[in-house]
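Okay, so here's the structure we're looking at.
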Amino acid sequence: MRKRFTVCLLLAVFTMAAAGVSDLAAQGPGFGQHGPSPYSPYGSYGPYSPPQPSHSPHPPASPYAWLESLADAVNSGQLSYEQALWYSGWMLEKVELSGLVGCFGVCNGMYGVPGTTVSIAEIPALSTVTGMDGRWALSLAKVKNLPRRISFLYENPGVASLGLPMFHTVKSNVFTVTNQDIGGIAIQFPSEEFFQAAKGIVAAHINLPEYFTRGGYISNLPGAYKKFDYFSESQPVYAIGNIVVATVGKSWATMMPEDYVKAPYEDAFPHGDPGAVVKITPEIEFPGLGPVYFNRDVLPDFLTPYISDDGGVMFANVPNGTIKLDAKKSPYKYTPVEFEVEEGVDLYIATPPYAIMGTNGSPAGDW
């Protein structure tokens with residue numbers, strides 16, 4: 001009897017010990033093997049407490065959620081990269097991101113835009129400010145070998161007293177970050193004055209009827225619109241928002257000065273792939289507008305049916321959510337771009353060399 005009791009007691013102890021090890025393992029990779037101990041060079045968790053295991057019957061949204069939370073603790077400044085790397089069981093990695101914010105529009109003689117805040121839209125706490133040459137750099141912590149989708153947010157209110165113009169906030173297309181550093185992330189950052197002027201052209205077009213005869217201008221609005229009546233007060237008025245702009249570029253297209261085939265960039269050296277047509281997914285309906293292609297003077301041209309040698313294309317009043325732009329022109333292939341359109345941002349731009357890039361390597365201006 002006593003022997004049977006001893007055996008049962010030992011079995012109970014082993015079962016409890018196994019359950020404890022299992023619970024440690026459930027806390028994430030590294031725990032039970034690399035977790036903090038009195039002998040750890042990092043001591044206790046300190047101000048940061050890693051997520052505790054969930055006993056919910058519902059599985060987490062991602063099997064990597066715990067590791068992703070450690071990476072974002074680094075990106076938001078709660079943990080050092082070395083701490084998070086150790087806690088994770090060496091399952092994190094760091095990727096270097098860098099680029100250039102270039103002025104577009106009313107620039108007062110500057111190209112690179114200093115003092116611009118560049119942040120990752122999905123991780124607002126991870127940000128930096130451009131230097132006097134408009135360049136910036138960031139380090140992104142992420143789960144090792146797990147691609148991460150991010151977008152960049154560019155903000156610059158300007159300083160009127162110093163003659164620095166205000167710029168319109170822009171969100172970039174989506175970048176898929178792997179284990180490779182990404183450099184040359186450029187943006188054509190529009191001054192507020194230029195943006196409002198271009199937006200006014202679009203607003204005039206979308207709110208006028210089919211024929212605008214006084215200026216001899218024919219628009220392509222839906223056929224339901226008839227001749228414009230200057231004295232009518234019943235004309236509908238549509239607001240303009242969620243504008244998406246991208247460049248369809250040659251294989252060599254770039255906005256980085258050190259990469260120019262000819263320098264500096266000028267009108268005689270356009271980087272667009274003329275003749276390509278662009279499709280948006282999902283398709284948009286009126287008052288959604290587009291594709292509207294930019295002409296060689298970098299202005300929206302409602303009569304141009306395809307990309308000019310400028311390369312620009314625009315869509316307006318697109319819905320929130322994931323938007324995909326792709327191009328087509330035989331015999332070339334193009335890399336599509338995606339945008340995550342959301343509340344609070346109304347301008348989205350994809351700039352070479354990370355725009356709708358094609359395999360056409362012909363010289364500037366050639367088809």
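What follows is calculated from the coordinates using simple rules that are stated; it is not laboratory data. These numbers were taken from a predicted model, which means no experiment stands behind them. Note that we place each Cβ from the backbone using ideal geometry, even for glycine, and neighbour counts take in every protein chain shown.
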remark   = Scanning the stretch 84-93 residue by residue, those surrounded by fewer than 21 Cβ atoms within 10 Å (Cβ to Cβ) and either small (Gly, Ala, Ser) or over 13 Å from Leu140 (Cα atoms) (or both) turn out to be Trp86, Gly89, Trp90
ask   = Does Leu97 fit the bill of being touching a helix residue (DSSP H, G or I) at 6+ places or on another chain (Cβ under 7 Å) and not in a loop (DSSP other than H, G, I, E, B)?
value = no
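Filter the stretch 106-125 down to the residues that are part of a strand (DSSP E or B) and more than 14 Å from the chain's Cα centre (by Cα), then identify the one that is nearest to Tyr154 (Cα to Cα).
Of everything passing the filter in the stretch 106-125, Thr117 is nearest to Tyr154 (Cα to Cα).
What strands (runs of 3 or more DSSP E) completely inside the stretch 285-367 contain at least 1 residues that are without any contact (Cβ under 8 Å) to a residue 40 or more places away in the chain and out of contact with any His (no Cβ under 6 Å at 6 or more places or on another chain)?
Because the criterion is at least 1 residues that are without any contact (Cβ under 8 Å) to a residue 40 or more places away in the chain and out of contact with any His (no Cβ under 6 Å at 6 or more places or on another chain), the strands (runs of 3 or more DSSP E) in the stretch 285-367 that meet it are 289-294, 321-328.
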